[in-house]
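Trainee: For reference, the structure I am asking about is given below.
Here, each number is a calculation from the coordinates, and none is a lab measurement. Just so we're clear, the structure is a prediction, and the values are computed from it rather than from any experiment. Every residue, glycine as well, gets a Cβ built from its backbone with ideal geometry; the counts of neighbours run over all protein chains shown.
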């Protein structure tokens, strides 16, 4: 294979080219003193972690050379920070080394002021004077028009993902990649750790049920970083969707992260990726408990523990007792009562559970979510699946979350959680084999 930028990705060298490979490695060893954005043990770091250095910090320590001589469009949100907790946009702008043509805000917006399913409208950022475009929900044509209007040559993606297929930031990235193919733009990912680790879990999305919460065929918990996903999307999907791959894809890799590492092992500060993702524990449970968005139960909206508190007015103490009897590894269920202030049952007292994580290394969040659904369906006749009137052909939201009608039909038929899990075993193994060539980290 000729030595080009894709080869550099495969060999794990710097995305800035051979000339800067050594500079980046020297600038950010796992035990280095903090650079311009802070480093392991420096500003923004936490004690006890491995000393992980995200791609953004490696690029900043190399004085943003990976973006030199390019007009840049940045897709980011409040998680796009250096270890000093400074926004990469503010840092790039003040450095004078990066020409930013525009910032593109995903769901919740660039500065993070919008709630679930909402975005910030296009505006001029008062701190930098840069135009911030509303990219949430934008199709490929609209995204391409925004890139053209901003006159960008390179698109940069830097957002902390949480590892679940239905978290929308990865689909904003894929839409941007498609738009970059159409407009011939370079694409750079400043990579970050997957906070729930590198293990793939759950059912595969089917083509018939793709949507904004699962636009392509990947499993429910993909176990990849956004940099690995970008490589996967480029290799597996772009040719079919756009007739070709990106001409120039670069991933500035995370240094010091291992696939077994959860977020607490990184030494990084947790910045809320969205208003309802307050802690790393929330992220660990989310691939399973987000399934309750597809039901008539509250997923804890408007509480301090969304996706950990689950309940409804018709649920009592029996649900927690049944779940604890199942002895699921890594979790304990506490009988809980709460009053949502957002989304379902606003102002009503809900009975249910709080899911407490005892041992995150033993937790399988998808299994937890399925066990919760099975126990709920067997005990409460008022349980129902959420239906959307605007989608008459695919009315059940749970089908979009799980990728097909299968899980819903199995739960309704009284299948056990183990039977439901066995149904996706082969497709999960196939995905693990499919993703292997695109993985960066061991």
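Trainee: Return 258, 362, 216 ranked ascending by Cβ neighbour count within 10 Å, so the fewest neighbours appear first.
Mentor: Neighbour counts put them in this order, fewest first: 362, 258, 216.
Trainee: Further question: Please arrange 298, 416 by how many other C-beta atoms lie within 10 Å of their C-beta, fewest to most.
Mentor: Fewest-to-most ranking of 298, 416: 416, 298.
Trainee: Here's another thing I want to ask about it. Would you mind telling me which residue in 380, 169, 286 has the biggest mean-square fluctuation in a Gaussian network model of the chain, where springs connect alpha carbons within a distance under 10 angstrom?
Mentor: 380
Trainee: On each of the three principal axes of the Cα atoms of the stretch 230-347, give max minus min coordinate, whole Å, ordered largest first.
Mentor: Result, largest extent first: 56, 33, 28 Å.
Trainee: Would you work out if the stretch 315-442 is rounded, prolate or oblate? Take a ≥ b ≥ c from the square roots of the eigenvalues of the alpha-carbon gyration tensor; rounded if a/c is under 1.5, else prolate when a/b is larger than b/c, oblate otherwise.
Mentor: Oblate is the answer for the stretch 315-442, as a/c is 1.5 or above yet b/c matches or exceeds a/b.
Trainee: A further question follows. 7 Å from Cα along Cα→Cβ at both residue 182 and residue 242: what's the point-to-point distance in nm?
Mentor: Between residue 182 and residue 242, the label points sit 1.0 nm apart.
Trainee: Based only on other Cβ atoms within 10 Å, what is the fewest-to-most ordering of 130, 88?
Mentor: On the way: 130 21, 88 26.
Fewest to most other Cβ atoms nearby, the residues stand as 130, 88.
Trainee: Here is a follow-up. Roughly how tilted is helix 425-435, in degrees to the nearest 10 and between 0 and 90, from the longest Cα axis of the chain?
Mentor: In the chain, helix 425-435 runs at an angle near 10 degrees to the longest axis.
Trainee: Give the shape of the stretch 121-170 as rounded, prolate or oblate, defined through the alpha-carbon gyration tensor: a ≥ b ≥ c are the square roots of its eigenvalues, a/c under 1.5 means rounded, and otherwise the shape is prolate if a/b is larger than b/c and oblate if not.
Mentor: prolate
Trainee: For residue 271 and residue 141, what is the calculated FRET efficiency with R₀ set at 35 Å and r taken between the beta-carbons, to the nearest 0.05?
Mentor: 0.65
Trainee: Please say if the stretch 127-218 is rounded, prolate or oblate, where rounded means a/c under 1.5 for a ≥ b ≥ c the square roots of the C-alpha gyration tensor eigenvalues, and otherwise the choice is prolate for a/b larger than b/c and oblate otherwise?
Mentor: It is prolate, given that a/c is not under 1.5 and a/b is the larger ratio.
Trainee: With runs of 4+ DSSP H residues as the only contributors, calculate the mean residue ellipticity of the chain at 222 nm using -39,500 (n - 2.57) per run, divided by the residue total and rounded to the nearest 500.
Mentor: So the calculated ellipticity at 222 nm is -9000 deg cm²/dmol.
Trainee: Count the DSSP beta bridges whose two residues both fall in the stretch 98-191, then state the antiparallel fraction as a percent rounded to the nearest 5.
Mentor: 20
Trainee: Now for a separate question. Students often get this wrong: which residues of the stretch 407-442 have the backbone nitrogen under 12 Å from the point 7 angstrom along Cα-to-C-beta of residue 207?
Mentor: Nothing falls inside the zone, counting backbone N under 12 Å.
Trainee: Let me ask another. Quick one: length gained pulling residue 85 to residue 379 fully straight, 0.36 nm per residue minus the C-alpha distance?
Mentor: 101.2 nm
Trainee: Over the chain, with a Gaussian network built from C-alpha contacts below 10 Å, which listed residue (382, 391, 234) shows the highest mean-square fluctuation?
Mentor: Between 382, 391, 234, it is 391 that shows the largest mean-square fluctuation.
Trainee: Let me ask something additional. Just the Cα atoms of the chain, one point each, no solvent: what log10 I(q)/I(0) does Debye give at q = 0.06, 0.08, 0.14 Å⁻¹?
Mentor: Here log10 of I(q) over I(0) equals -0.25, -0.44, -1.33.
Trainee: Additional query: Hey, in the GNM for the chain with a 10 angstrom Cα cutoff, which one of 346, 74, 155 fluctuates hardest?
Mentor: So, out of 346, 74, 155, the one fluctuating most is 346.
Trainee: So, R0 is 51 Å and r is the distance between the beta-carbons of residue 123 and residue 418; what FRET efficiency does that work out to, to 0.05?
Mentor: 0.50
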